[in-house]
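In what follows, a structure is listed as structure tokens, so that the remarks can point back to it.
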Amino acid sequence: MKGMENLQTEAPLGVALSESIQYKTLDSIEAGLLRSPLSEWEALARQDPTATLFQTPMWTLPWYRAYAATFEPLVLAVVHDGRLVGVVPLTIERETGRIAFAGNQMADYRDVIALPEFRKQVIEEFLNLFRAGAFPNMLWFGPTLPESETVGIIMESAGLLQIPAVRRTHLGWRWWFAERDQVEDPLKKKAVRYALNFFRRQGPVEVRIIDNVREWDVFKEDFYKQHSLRQLFGGRQTSFDSPQKRAFFDEIFRAHCGHVTALYVNDRMVASHVGTVYRDVLLWGAPSFDIRENAYSPGLLLMVLTMQELDKWGLKGVDLTIGEGDLKERFSTSRVELPSVDLFPNGQKYLINKARVAVTMYCREKVGEETWTKKWKPVFKKAVEKLERVWELGVGGAIASIGNKAVSKLGEGATGLVLIATPESRRPVAPTLQAGETCSFHQNDIYDLLKWTGPKGEISRGISEKARQLAALLKSGRTLHTVLVNDRLAGWGLSYWPNEPAVLSETGGMKLEFKPNSVSLYDFFVLPEYRGRKLYQALLSHILDLRFQEGAERAYIGVLKSNVSSLRGIERVGFRSAMENRYLRILRWKRAKSRILLED
């Protein structure tokens, strides 16, 4: 069969000759599942007490299908006397030749499936494959369940086969229904009661389970958007804009191993979760929440209410899997150690990694685990982020940035203008559009921030920062205005009805007093690819229309006098310079002066 290789291998001492079969195409796997030996894959998983969902065909096959353009499958099947005794579902990245487990980073557990008495033989077959493949990368084997003997066997066998390996352990967290009486009832925790009472004041609070295809098809688009915005909120790259990932989750749900829940408050979805169920245990997967409600922990509340429903759903518990953090630590009934092993293709990469691990472990022992986790680890993470930014800026840009910061320590100066528009002075401006393009404006559509795709850098960080600010901004009465071209994000700005003076940060924190019935416009940004097309002016003009129709008598906006392009755009829609603010600082000496340019 095309895409399938049969290899006769020498068996360990005292074990009969076995056959190792490699399935290297999706067609060969799907055809193999219809006949022995691969048709026994699912039954074999049921006989392995430490098998996990992530090595079964129910999970791996949808992943192979969804990611076929990027990864090619490699399923190693071990047969003894015509009987399937082990399976190792792997994958090879097409572009790089890198080896990984099926699912890559999406698999929470990575292990072999084997009959217990053949586990050692299956692992040796895998190690022979890994050694012969001369792959370019280190393979992270694991984490496995704590009950699995795989990592111990690998460390023993890898040494005999001269494959460099490093053993690791990670914390895993569980909430078992049978152990619930051993810990405090999650619903009695202060943070949970506070959140629950807050939402109950808005209306009925309920957890709904999405358990049919029709409901899933309605739910999934809202989930994808909510999850992506949550990732943006956390400063991470969004993942559900990937059609492969969407296709995978869609098939997982239809394969009946998906478990989908949502928290609704007065019929509004404020949190959601897509996980999987295997052996009557819910594996906590992709949680999400409405970032506007972040202060009230809707994601945490969904998890706690889910735990309360487990018995009704016929589930034994929740596997919170690998990770760190206060949430897992506080809301679990047990902590376990999950073993893993790093397998290296050569000694050089092994020595580099070993040195890095040794330095890390030495530092952790010297400062203590808690200090390392809460203090030093975030410092190193921040340092890495700064290095990434230097890389993005290039040598010249990095030197210029450092120079500007050094100069600002010595002193700074700026001249800012405050401009005012009235209903009488406002002038409409239309954007410059190309053939077939449309322009639209939205208010407080938080999902507009997802309508930009681009590489990680200043733009993506700016959008993430705006997502993190949104909850507080909207609660303080600000309105987010977005402008879109062909339904793609092109820019944004904010407006609000002020009831106290504004702080002008660009001129050293000078105060701006507003007259009654006024609105303030600020924090505008147009994405670089849309600049020079009058979108800034069109957005300003649109906001002025809205606010003047609502009864505003004047609108304020501030700009640095040196920002000539923005100043011209602001003046083009009818704003007139009303005040000039000069600010100068030399070391600790400061001077600020205002001058009225226009009497209102």
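What the table below lists for this structure:
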| read-out | value |
| --- | --- |
| Residues located in the stretch 135-153, provided they are open to solvent by less than 10 Å² (accessible area, probe 1.4 Å) and either part of a loop (DSSP other than H, G, I, E, B) or touching a strand residue (DSSP E or B) at 6+ places or on another chain (Cβ under 7 Å) (or both) | Leu139, Phe141, Gly142, Pro143, Thr144, Val151 |
| The stretch 308-351, subset among the aliphatic types (A, V, I, L, M) and not in a strand (DSSP E or B), residue modelled with the lowest pLDDT | Leu351 |
| Some residue of the stretch 562-571 being surrounded by 20 or more Cβ atoms within 10 Å (Cβ to Cβ) and within 35 Å of the chain's Cα centre (by Cα) | no |
| Some residue of the stretch 190-200 being open to solvent by 80 Å² or more (accessible area, probe 1.4 Å) and within 28 Å of Met106 (Cβ to Cβ) | no |
| Members of the stretch 35-52 that are part of a helix (DSSP H, G or I), buried (at least 19 other Cβ atoms within 10 Å of the Cβ) and of a type in the set (A, V, I, L, M) | Leu38, Leu44, Ala45 |
| Some residue of the stretch 222-244 being closer than 20 Å to Ser460 by Cβ, open to solvent by less than 10 Å² (accessible area, probe 1.4 Å), assigned to a helix (DSSP H, G or I) and free of Cβ contacts under 8 Å to residues at least 40 places away in the same chain | yes |
| Test result for Thr507, hydroxyl-bearing (Ser, Thr, Tyr), touching a residue at least 40 places away in the same chain (Cβ under 8 Å) and surrounded by 16 or more Cβ atoms within 10 Å (Cβ to Cβ) | yes |
| Qualifying strands (runs of 3 or more DSSP E) (wholly inside the stretch 371-488; at least 1 residues being surrounded by fewer than 12 Cβ atoms within 10 Å (Cβ to Cβ) and at pLDDT 95 or above) | none |
| Pairs, first small (Gly, Ala, Ser) in the stretch 468-489, second assigned to a strand (DSSP E or B) and open to solvent by less than 60 Å² (accessible area, probe 1.4 Å), C-beta under 9 Å, six or more apart | Ser476/Tyr496; Gly477/Tyr496 |
| Top-ranked residue of the stretch 255-291 - restricted to ones that are over 13 Å from His227 (Cα atoms) and not in a strand (DSSP E or B), ranked as nearest to the chain's Cα centre (by Cα) | Cys257 |
| Condition check for Leu521: closer than 19 Å to Cys439 by Cβ and in a strand (DSSP E or B) | yes |
| Filtered residues of the stretch 265-276 (kept if more than 23 Å from Leu449 (Cα to Cα) and touching a residue at least 60 places away in the same chain (Cβ under 8 Å)) | Val265, Asn266, Asp267, Thr276 |
| Top-ranked residue in the stretch 531-560 [being within 24 Å of Ile596 (Cβ to Cβ) and over 39 Å from the mean Cα position of the chain (by Cα); ranked as most open to solvent (accessible area, probe 1.4 Å)] | Glu553 |
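Yes or no, residue by residue, for (1) under 24 Å from Gly86 (Cβ atoms); (2) in contact with a Gly (Cβ under 8 Å, 6 or more places away or on another chain); (3) open to solvent by less than 40 Å² (accessible area, probe 1.4 Å):
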position	(1), (2), (3)
Val122	yes, yes, yes
Gly133	yes, no, yes
Met155	yes, no, no
Gln162	yes, no, no
Asp185	no, no, no
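The values are calculated or read from the model by the stated rules, or taken from the named source; none is laboratory data. What you see is a predicted model; the values in this text were computed from it and never measured. Here Cβ is always computed from backbone atoms with ideal geometry, including for glycine, and neighbour counts include all displayed protein chains. Areas reflect the complete protein model, heavy atoms only, side chains present, ligands, DNA and RNA absent. Shrake-Rupley method; radii C 1.70, N 1.55, O 1.52, S 1.80 Å.
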